[in-house]
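Worksheet: the structure to be examined is printed underneath.
Each value in this text was obtained by applying a stated rule to the coordinates, not by laboratory testing. Just so we're clear, the structure is a prediction, and the values are computed from it rather than from any experiment. Neighbour counts run over all protein chains shown; Cβ positions are idealised from the backbone, glycine included.
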Amino acid sequence: MWKESIICPVPKAGNKHKVDNYRPVAILSTAAKVFESVSYDQVMQHVKPVLSIYQHGFLQKRSTVTTGYNYRLHSFRHRQ
């Protein structure tokens with residue numbers, strides 16, 4: 001039940017007759033979504049204190065944009 005989902009093909013932009021123009025989307029049960037959310041919160045309480053400040057993947061308020069910004073800031077500071 002927890003790991004079962006329904007995979008629905010969703011068309012991307014372009015020709016809808018080409019298989020390459022579709023991406024799979026998993027439809028999960030509500031119970032699985034709630035369980036995942038609670039589990040994530042519990043795990044993050046223990047993991048977040050030991051993560052590097054340079055870790056940006058899968059964290060709230062962090063993205064490839066903040067990674068690039070931090071990299072440029074770090075590079076600029078060490079260049080001076």
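I need the fraction of alpha carbon pairs in the chain separated by more than 21 Å, rounded to a whole percent.
In whole percent, the long-distance tail amounts to 61.
Put +1 on the Cβ of every Lys and Arg and -1 on every Asp and Glu Cβ in the stretch 6-79; which of SER37, GLY68, PRO9 then has its Cα farthest towards the positive end of the dipole? Farthest towards the positive end: GLY68. Report the local net charge at PRO11: Lys and Arg +1, Asp and Glu -1, summed over other residues whose C-beta lies under 15 Å from its C-beta. Once positives and negatives cancel, what remains is +3. Using a cutoff of 8 angstrom between alpha carbon atoms and counting only pairs six or more residues apart, the relative contact order for the stretch 6-79 works out to 17 percent. The magnitude of the dipole of the chain, with charges of +1 and -1 set on the Cβ of Lys/Arg and Asp/Glu and taken from the Cα centre, is near 460 debye.
Computing FRET efficiency as 1/(1 + (r/R0)^6) for VAL47 and SER75, where r is the C-beta to C-beta distance and R0 is 35 Å, gives about 0.80. Within straight-line reach of LYS3, meaning a Cα separation under 20 Å, sit the following aspartates and glutamates at least 8 residues removed in sequence or on another chain: GLU36, ASP41.
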